[in-house]
Amino acid sequence: MTTHPAAQKFALHVNPAIVKLLSALGHGRVYTRAQGTKLWDADGNEYLDGLAGLGTANLGHNPPRLLERVREMLGDDTPSVVHAGIAPHAAELGARLSRLTAPLTRCLFSTTANEAVDGAIKLARAATRRKAILYCKGAFHGTGIGGLSVMGYGRLRDPFEPLLPQCYETEFDDLPSLDRALAQHKPAAFLVEPIQAEAGVIVPRRDYLTQARDLCHAHGALLVLDETQTGLGRTGSMFAYQDEPGATPDVLVVGESLGGGLVPVAATITTPDIHERAYGRIDRFDLHGSTFSGWALGCRVGLATLDLLEEDGLVGAARARGEQLIERLRDEVANHPFVRGVSGRGLLVGLELGPTIPRSRGLLGRIVPQLVDLVSKRVFGQWLAVRLLDHGILCQPASQQWNVLKIEPPLSITEPEIDQIVDSIVAVLGEYTELRPLLTDVGQRLGIQLLSGWL
């Protein structure tokens, strides 16, 4: 597919490195059509989507009723961006979101999660008059300057230093570490994901968020939850924190899934008190905003997205299909010699891969144990994703933990389609029970040159 004209133009004018990488990994396809849970490439091959646009397409691709409403929206004369008056659709979406997140009832709109995270950092600093921000090792909050400042991966963060000052890392799911960091740095806020998706779908202890909230308040800090990947039904609740009594944050980041996978819209939601402290005075009302924050089409699509989530029962469906997916994976492959575990909640699921047999067994394990570790960490997830493409399943590893295959399909996925994903994983893994043939296939499929580069 990398010979497709679109791929050639992308390499010339957008990002040549990613075209080379996709080609080396076997993912260099050009997808030309999408509907519901399915994608089709330029050769007409059909795929079941296990990515959902990195969680943005919770409703599925091009949901017909949402498209119908968008066509109606585009056919009227509603002004799109007007900052010299009241934006009625932003008001309506704010009221609708507030009913879902009360007591968080004040909304700051943006177009992307990057913007929404920036908005949360600004809000916390303005409301508390403090500067420091705590974030977690393994955190992923976007690649804007604000998001990079609270990025838990040096490879992504370091080339852009210096970033925002006074951003400090602490351990995820470690309350004593958080307590110490709060006492030492006296931060404005602790910014955290309810589930660390890109770190390998790491699910914390059940009361982690509640305890973190109590610790933050004891130290005068705000708890900020980034629900870009976990929000709007993904985990089987409208928001992941709502599964845990007492975990209501002070600030909530809602990502691009609010736009139904069609238009960019996101939000930062907080309490009236915090918003008043930050921006309540006449001389502070305009300290945050952007040209397209609260734009009409984005807010109208956001309202329609919330309608369809409710009308189609997709939050409950995500819980049921997620339980099916996790239970079947644990039943079918948990004891496989190259599966280390299954984690997740709802339709955000991680399959951790890597040898569970002792490294000393077999000639390869004795001679080059470092290669075994390398392949486990850097290659296994991509290898399985490539093999699943042969079965018509599109998945990817967690972006910062390539030994974890992340399964994140649209919430509209059906019971037979969940079985199709699991059956395909079982079929691929069933071909390999020893390390040597697996590494041979990895080398052939992903390329010796690529492996050498990682080495």
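Of the conditions (1) surrounded by fewer than 18 Cβ atoms within 10 Å (Cβ to Cβ); (2) in contact with a helix residue (DSSP H, G or I) (Cβ under 7 Å, 6 or more places away or on another chain); (3) of a type in the set (Val, Ile, Thr); (4) outside any loop (DSSP other than H, G, I, E, B), residue 121 satisfies every one except a single condition; which number is it?
So residue 121 meets the others, but not (1).
Being under 27 Å from the mean Cα position of the chain (by Cα) and at pLDDT below 85 narrows it down to one of 22, 39, so name that one.
22
Could you list all residues from the stretch 20-58 that are open to solvent by 20 Å² or more (accessible area, probe 1.4 Å), closer than 24 Å to residue 441 by Cβ and not hydroxyl-bearing (Ser, Thr, Tyr)?
Hits for the stretch 20-58 are 20, 21, 22, 24, 26, 29, 43, 45, 51.
Going by the conditions given, is residue 280 open to solvent by 30 Å² or more (accessible area, probe 1.4 Å), over 15 Å from residue 135 (Cα atoms), small (Gly, Ala, Ser) and free of Cβ contacts under 8 Å to residues at least 24 places away in the same chain?
Yes; evaluated as a whole, the condition is true for this residue.
Quick grid of which residues meet (1) charged (D, E, K, R); (2) under 17 Å from residue 61 (Cβ atoms); (3) in contact (Cβ under 8 Å) with a residue 60 or more places away in the chain; (4) not in a helix (DSSP H, G or I):
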residue	(1), (2), (3), (4)
386	no, no, yes, no
389	no, no, yes, no
410	no, yes, yes, yes
416	no, no, no, no
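Pick from the stretch 244-267 the residues that are farther than 27 Å from residue 65 by Cα and at pLDDT 95 or above: which of them is surrounded by the fewest Cβ atoms within 10 Å (Cβ to Cβ)?
The qualifying residue surrounded by the fewest Cβ atoms within 10 Å (Cβ to Cβ) is 248.
Identify the residue in the stretch 203-238 that is within 23 Å of residue 324 (Cβ to Cβ) and touching a Ser or Thr at 6+ places or on another chain (Cβ under 7 Å) and, among all such residues, is surrounded by the fewest Cβ atoms within 10 Å (Cβ to Cβ).
Checked the stretch 203-238; the qualifying residue surrounded by the fewest Cβ atoms within 10 Å (Cβ to Cβ) is 203.
Among the residues that make up the stretch 351-360, is at least one of them surrounded by 17 or more Cβ atoms within 10 Å (Cβ to Cβ), modelled with pLDDT of 90 or more, out of contact with any Ser or Thr (no Cβ under 6 Å at 6 or more places or on another chain) and of a type in the set (Asp, Glu)?
Checked the stretch 351-360: at least one residue is surrounded by 17 or more Cβ atoms within 10 Å (Cβ to Cβ), modelled with pLDDT of 90 or more, out of contact with any Ser or Thr (no Cβ under 6 Å at 6 or more places or on another chain) and of a type in the set (Asp, Glu).
Of these, 5, 79, which one is surrounded by fewer than 13 Cβ atoms within 10 Å (Cβ to Cβ), without any contact (Cβ under 8 Å) to a residue 60 or more places away in the chain and of a type outside the set (Asp, Glu)?
5
Looking at residue 148, is it in contact (Cβ under 8 Å) with a residue 24 or more places away in the chain and either open to solvent by 50 Å² or more (accessible area, probe 1.4 Å) or not charged (D, E, K, R) (or both)?
Here the answer is no, as residue 148 does not meet what is asked.
Read through the list (1) surrounded by fewer than 16 Cβ atoms within 10 Å (Cβ to Cβ); (2) touching a Leu at 6+ places or on another chain (Cβ under 6 Å), then give the number of the only condition that residue 311 fails.
The single condition residue 311 does not satisfy is (2).
Could you tell me whether residue 34 is closer than 17 Å to residue 396 by Cβ, among the small types (Gly, Ala, Ser) and modelled with pLDDT of 95 or more?
Considered against the rule, which asks whether it is closer than 17 Å to residue 396 by Cβ, among the small types (Gly, Ala, Ser) and modelled with pLDDT of 95 or more, residue 34 comes out as yes.
Looking at (1) at pLDDT 95 or above; (2) in a helix (DSSP H, G or I); (3) open to solvent by 20 Å² or more (accessible area, probe 1.4 Å), which one does residue 109 not meet, given that it meets all the others?
Status for residue 109: all satisfied but (2).
Looking only at the stretch 174-211, which residues are touching a strand residue (DSSP E or B) at 6+ places or on another chain (Cβ under 9 Å) and at positive phi?
200, 201
Yes/no per residue for (1) closer than 16 Å to residue 102 by Cβ; (2) in contact with a Phe, Trp or Tyr (Cβ under 6 Å, 6 or more places away or on another chain):
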site: 225; (1), (2): yes, yes
site: 247; (1), (2): yes, yes
site: 255; (1), (2): no, no
site: 267; (1), (2): yes, yes
site: 274; (1), (2): yes, no
site: 278; (1), (2): no, no
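The values are calculated or read from the model by the stated rules, or taken from the named source; none is laboratory data. Keep in mind the model is a prediction, meaning the values are calculated, not measured. Quick reminder, even Gly has a Cβ in these numbers, built from the backbone with ideal geometry, and neighbours come from all protein chains shown. Only protein heavy atoms, including side chains, enter the accessible area calculation; ligands, DNA and RNA are left aside. Shrake-Rupley method; radii C 1.70, N 1.55, O 1.52, S 1.80 Å.
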